[in-house]
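Comments concern the structure below.
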Amino acid sequence: MKVVSYLAPALTYSFWRASASARNISSEVSGEIMILLITGEENFLSFEKLKQVKEKFAEKNMGESNIDEFDEKSFTISKFQKSILSMPFLSEKRLIIVKNIFSSKMKKEDGEKIIDCLNNIPESTIVVFWEDKEISKKDLLAKKITNLAKKNWDFPKLKPYEIEKWAKEKIDARKTTIEKPALLKLAADSDNLWELNQEIEKLTLYKNKIEEADIELLVSPKLNNNVFELIDSIAEKDLKKTLKFLNNLIEQGEEIIYLLRMVVYQVRNLILIKELALKNLKKGEIIKETGKHPFVVEKTLRQIKNFSQKELETIYNEIFNLEVKIKTGSIEPVTGINLLALQLCLKQ
């Protein structure tokens, strides 16, 4: 399948700090493994891993008819229990995917019920827990599921040199070459793989040998830079500027869900770096602690003074709620993002 070959380069790293090899997907969905855990701050890689497992399962088990998915909004104990105990449809196995359950505000007794369900999981059921961030070591439910999981992949944030290597292997896999200066220019100010992957797709469709001039010609001004400016306009409570910025990006072809994820990504950076700055860490120490590109740290340090922790959490929650509404079809994307700008720019 295209997805499997597409992922192969990224998975050739020792991925490295992942606690299990990514080589044996067939065993993950064959019945030998009942509970899988996929986590990590590098959520592009964790998402691709989840997609790989899901597609491999679908190949052998009547497509998606035997797959149930829950996120923190749709998950309930009763639905989960019912799904676990349901028999497969014209197949030997069922796959249940649970997303971001550790991030939800769950009662202790509900966590215990989840563990009870997992302790009584039938052989016909495979459960995958996926988190789009690193899980807390203090989370009791996460600890218990980690202990129960027979396969556990963790994708930590890539260092700048690892991003360059990742980009090079992505390009090589597409039967394309790239000159060293072009590679450095492409990856220099981006530590976001969602953005970088989009640019690589564009470049490799354009030609088979990428030169520095191609980066200047084809790669749009870094969305990272635009997101920094967008965050600034929100901090200033400048609704007109914020709306103009958002709609210009949409007109340039940026997908709204992707744009929301980039803003969420920067809000997370703000929360993390603000916490470290409050501990009096210097810029160099923050770069070492977070593994983020110096460009990102420097820009973020300039912005943290403009937001309280509460404001950052509000922005994060509002964006998350909008993404859910867009995905469920309860709001039209352009309308939703304009309403979001209005909410975030209201004087508080």
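The values are calculated or read from the model by the stated rules, or taken from the named source; none is laboratory data. Bear in mind the structure is a predicted one, so any value in this text is a computation, not a measurement. Backbone-built Cβ (ideal geometry, glycine too); neighbour counts: all protein chains shown. For the accessible areas, the whole protein counts, side chains as well, though only heavy atoms, and no ligand, DNA or RNA atoms are used. Shrake-Rupley method; radii C 1.70, N 1.55, O 1.52, S 1.80 Å.
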(message) With every protein chain kept in place and ligands, DNA and RNA left out, what is the accessible area per residue of segment 177-316? Probe 1.4 Å, answer in Å².
(response) 49 Å²
(message) Going Cα to Cα from Lys150, which aspartates and glutamates come in below 15 Å? Please leave out same-chain ones fewer than 8 positions away.
(response) Glu28, Glu32, Glu123
(message) Rounded, prolate or oblate, given the Cα gyration tensor of segment 190-340, with a/c below 1.5 counting as rounded?
(response) oblate
(request) List the residues whose amide H sits under 5 Å from the amide H of Arg94, counting only those 5 or more places along or on another chain, with H placed 1.01 Å from N in the peptide plane. (result) Thr125, Ile126
(message) Give the lysines whose C-alpha is closer than 19 Å to that of Lys207, dropping any in the same chain fewer than 8 places away, or say none.
(response) Lys168, Lys170, Lys175, Lys180, Lys185
(message) Using only the alpha-carbon atoms, how far is helix 160-173 inclined from the longest principal axis of the chain? Give it as 0 to 90 degrees, nearest 10.
(response) 70 degrees
(request) Taking H placed 1.01 Å from N in the peptide plane, check which residues at least 5 places from Ile210 or on another chain put their amide H under 5 Å from its amide H. (result) Thr177, Ile178, Glu179
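How much net charge surrounds Met62 when only other residues with a Cβ under 11 Å from its Cβ are counted (Lys, Arg +1; Asp, Glu -1)?
On the way: positive: Lys60, Lys93, Arg94; negative: Glu59, Glu64, Glu92.
Value of the local net charge: 0.
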(request) Report, in debye and to the nearest 20, how large the dipole of the chain comes out about its Cα centre when Lys and Arg carry +1 and Asp and Glu carry -1 on their Cβ. (result) 640 debye
(request) Let me see the pair-distance distribution of segment 231-272: every alpha carbon pair, 10 Å bin width, integer percents in order. (result) 27, 53, 20, 0
(request) Please list the radius of gyration and Dmax for segment 282-348, considering alpha-carbon atoms only, with Å as the unit. (result) 15.7, 45
(message) Quick check: the angle from helix 223-235's long axis to the longest principal axis of the chain, C-alpha only, nearest 10 degrees?
(response) 80 degrees
(message) Through the Karplus equation 6.51 cos²θ - 1.76 cosθ + 1.60, θ set to phi - 60°, convert the phi angles of segment 114-131 into ³J(HN,Hα) values in whole Hz; use x for Gly and Pro.
(response) 4, 4, 4, 4, 5, 6, 10, 5, x, 5, 7, 10, 10, 10, 10, 9, 10, 10
(request) Using only alpha carbon pairs under 8 Å that are at least six residues apart, calculate the relative contact order of segment 198-298 and give it in whole percent. (result) 16 percent
(request) Would you mind checking Lys73/Lys237; Lys244/Lys299; Lys56/Lys133; Lys56/Lys137; Lys159/Lys274 for any pair whose Cα atoms are more than 25 angstrom apart? (result) Lys73/Lys237; Lys56/Lys137
